[in-house]
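Below you'll find the structure, written out as structure tokens, and then a few comments.
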Amino acid sequence: MKTYRNPLYAYQRPPEIDAPGGRRPVVIAGAGPVGLAAAIDFGQRGIPVVVVDDDRTVSVGSRAICYAKRALEILDRLGCGQRVVDKGIGWNVGKVFFKDELVYRFDLLPEPGHRRPAFVNLQQYWFEEFLVDRARELAAVELRWENKVVGVAPHADGVDVRVATPDGEYTLACDWLVVCDGSRSPVRQILGLEAEGQVFRDRFLIADIHMKSDFPTERWFWFDPPFHPNQSALLHRQADDVWRIDFQLGWEADPDEERKPERILPRLRAMLGDKADFDIEWASVYTFQCRRMQRFRHDRVIFAGDAAHVVSPFGARGANSGIQDTDNLVWKLELVLAGRAPDRLLDTYDVERTYAADENILNSTRSTDFITPKSRVSRTFRDAVLSLAKSHAFARRLVNSGRLSVPAVLAASPLNTPDRDADFARGPAAMIPGAPAADAPVAGPAGDWLLGYLGGGFTLLGFGDAVGPFGVGALARERIPCRVVQVGGKATAGATVVEDAQGLAVRRYDARPGTVYLLRPDQHVCARWREFDLPSVRAAIARATCNH
Amino acid sequence: MAALNTEPNLPSPDDFYERLIATHRGLSDDESALVNAKLVLLLANHIGDATVLAQAMEAARDGVGTPSRGEAP
């Protein structure tokens, strides 16, 4: 590759090779985007974590390239969002073509006043490199390269992980094993667990090319284009003038042949024209699947990301949902490790994230059925939708080239306290219990965006100064402390005050003076009230941590 | 809740039928299939009501092939 050289991380002889080591609270299998996000989250909380990975570098090839707004917001909390955004290519607009005509255009973030765009495109290797750099800043994180998990022995109060290295094997004893080792998950296989679902009978070629071009920074998707008849194609810009091109090939295509440059080049020439000046950086042929494990938690072995669930790539719901898995898991595991929440809090990880996985699988299956129709009549309806879309607005809503990743609203979560006040806004964008917190521009001591003040631990977001110094002090002294962030109002000892710079926080939270929102450490709303009441907040925190 | 109206509702049934057949004149089977699909989509959007549409799909499928799986929407 011309634009990227994979870093080589040094293998170090693990001390356990020479003498049995102590027991670790958390071991993570896999140093991909999901395992690294988990490691950073544990590390920031001061929980010692060992990450084992069978390789000694980051992703080879660009692979996952679209990082969604919610994943970026999580990375902001993990201290590496800015690098990803600075290096990546932000985009909000997608265009869909049928043959050679534009039939549909969508804007995924039509309103201003959010720190992060709908999406940033960045090659997975850059993404992982930035996460590795961040993980290395944290004393509690130990990354072990060329450490391959070859055995897993769960027992009642921990897990013995057998690890192979260039110097031989050793055993790593831990309380919890977090498995983020990808769609083929060796750990899942070692344990004889399955992920069930659907395999799609289609093949896609993905090619990364290096090219100077003034194509706009948008997602362009073609159905049946003149340059690639009867199939679909996708063009996406990445960092460093690298462009991702997907060609649908059909099930009959020979993956070994299609990977050869002499097969790829004519396809690219047909698409980009004879004058385009480009080099092929990387190419791969893939098939895809939609499936998940029945349960993500198996006692002390907990699965996250592709190891637990895989979706087709249309919709960017793979890495983005994996990062949300760890966002959901780590704070819960921290409380359980500290003895501040019962073990069953971890069952809610399973409940909430299998729900999210089902939503992702549903969306991605529907997109796949539209892009890869399984029958003649399905193809006819697909083409009917596309041919109506240009002149009839209703049909544009049916065009499905991927329903792009949005965070799950955990409306049915047992951790939510149902609304007591009936006058709160509901509807799709409302901050109902279970919704991820909306961002808004603010002015305050720690940056210009509301989300920067929320999460990590429990946060009570109050509009005005209704919580008062007694409430602020009491919540700070709880066994599970909760800090108070105040939007407007007079200064209160112990509370952080931000100003609602453009009135958007009030609007997005349907707030009045006195309204308070309780946010979980992962920035999901778990309760809200029209006025502050200390016992209600305590009860809601107890509920959100299974301490009731 | 609205229900699918299967009582006579077309003011001039023979005119409608003639027009439906005429719409397909000169088309190959594939082209006709496409026109029918577009017609279904246009009418479905006009109706809008999910219950009515589900009842219509059920009534159309009734007696054709093996019973459908009746997947919930």
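Things worth noting here:
- Residues in segment A:407-444 that are in contact with a Gly (Cβ under 6 Å, 6 or more places away or on another chain) and of a type in the set (Ser, Thr, Tyr): A:Ser413 alone.
- The number of residues in segment A:196-223 being closer than 24 Å to A:Phe370 by Cα and either surrounded by 14 or more Cβ atoms within 10 Å (Cβ to Cβ) or among the hydroxyl-bearing types (Ser, Thr, Tyr) (or both) comes to 14.
- Residue check for B:Thr66: surrounded by fewer than 10 Cβ atoms within 10 Å (Cβ to Cβ), β-branched (Val, Ile, Thr), more than 20 Å from A:Asp383 (Cβ to Cβ) and away from chain A (no Cβ under 14 Å): yes
- Candidate set from segment A:371-382 (those that are part of a helix (DSSP H, G or I) and in contact (Cβ under 8 Å) with a residue 24 or more places away in the chain); member that is farthest from the other protein chains (Cβ to nearest Cβ): A:Ile371
- B:Glu18 vs. criteria away from every other protein chain (no Cβ under 13 Å), part of a loop (DSSP other than H, G, I, E, B) and either among the acidic types (Asp, Glu) or within 19 Å of A:Asp383 (Cα to Cα) (or both): no
- Exactly one residue out of B:Arg25, B:Arg19, B:Arg61 is over 14 Å from the mean Cα position of the chain (by Cα), surrounded by 10 or more Cβ atoms within 10 Å (Cβ to Cβ), basic (Lys, Arg) and closer than 24 Å to A:Ala384 by Cα, and it is B:Arg19.
- Scanning segment A:220-229 for residues that are touching a helix residue (DSSP H, G or I) at 6+ places or on another chain (Cβ under 6 Å) and outside any strand (DSSP E or B) gives a single hit, A:Phe227.
- Of all the numbered requirements in (1) part of a loop (DSSP other than H, G, I, E, B); (2) at pLDDT 95 or above; (3) not β-branched (Val, Ile, Thr), B:Asn36 misses one, and that requirement is (1).
- Listed conditions (1) among the polar types (S, T, N, Q); (2) part of a loop (DSSP other than H, G, I, E, B); (3) within 14 Å of chain B (Cβ to nearest Cβ); (4) more than 23 Å from the chain's Cα centre (by Cα) are all met by A:Asn400, apart from (4).
- Close pairs (9 angstrom Cβ cut-off, 6 or more residues apart or separate chains): modelled with pLDDT of 95 or more in segment A:265-281, basic (Lys, Arg) and part of a helix (DSSP H, G or I) anywhere: none
- When segment A:57-81 is limited to residues that are of a type in the set (Val, Ile, Thr) and more than 13 Å from the chain's Cα centre (by Cα), the one that is surrounded by the fewest Cβ atoms within 10 Å (Cβ to Cβ) turns out to be A:Val60.
- The lone exception for A:Asn360 - which of (1) over 21 Å from A:Gly434 (Cβ atoms); (2) away from chain B (no Cβ under 13 Å); (3) in contact with a helix residue (DSSP H, G or I) (Cβ under 8 Å, 6 or more places away or on another chain); (4) assigned to a helix (DSSP H, G or I) it fails: (1)
- Picking from residues in segment A:526-548 that are within 20 Å of A:Asp465 (Cβ to Cβ) and small (Gly, Ala, Ser), the one that is surrounded by the fewest Cβ atoms within 10 Å (Cβ to Cβ) is A:Ser536.
- No other residue among A:Ala408, A:Ala425 is touching a residue at least 24 places away in the same chain (Cβ under 8 Å), surrounded by fewer than 17 Cβ atoms within 10 Å (Cβ to Cβ), under 30 Å from the mean Cα position of the chain (by Cα) and assigned to a loop (DSSP other than H, G, I, E, B) apart from A:Ala425.
- When every residue of segment B:28-38 is checked against the conditions, none turns out to be surrounded by 11 or more Cβ atoms within 10 Å (Cβ to Cβ), farther than 22 Å from A:Ser375 by Cα and within 14 Å of chain A (Cβ to nearest Cβ).
- Unique match (being assigned to a helix (DSSP H, G or I) and modelled with pLDDT of 95 or more) among B:Leu43, B:Leu10: B:Leu43
- Qualifying residue in segment A:449-457 (condition: touching a His at 6+ places or on another chain (Cβ under 7 Å) and either surrounded by fewer than 23 Cβ atoms within 10 Å (Cβ to Cβ) or not basic (Lys, Arg) (or both)): no
- Flag for B:Val52 being within 14 Å of chain A (Cβ to nearest Cβ) and either modelled with pLDDT of 95 or more or under 12 Å from the mean Cα position of the chain (by Cα) (or both): no
The values are calculated or read from the model by the stated rules, or taken from the named source; none is laboratory data. Everything numeric in this text was worked out from a predicted model, so none of it was measured. Note that we place each Cβ from the backbone using ideal geometry, even for glycine, and neighbour counts take in every protein chain shown.
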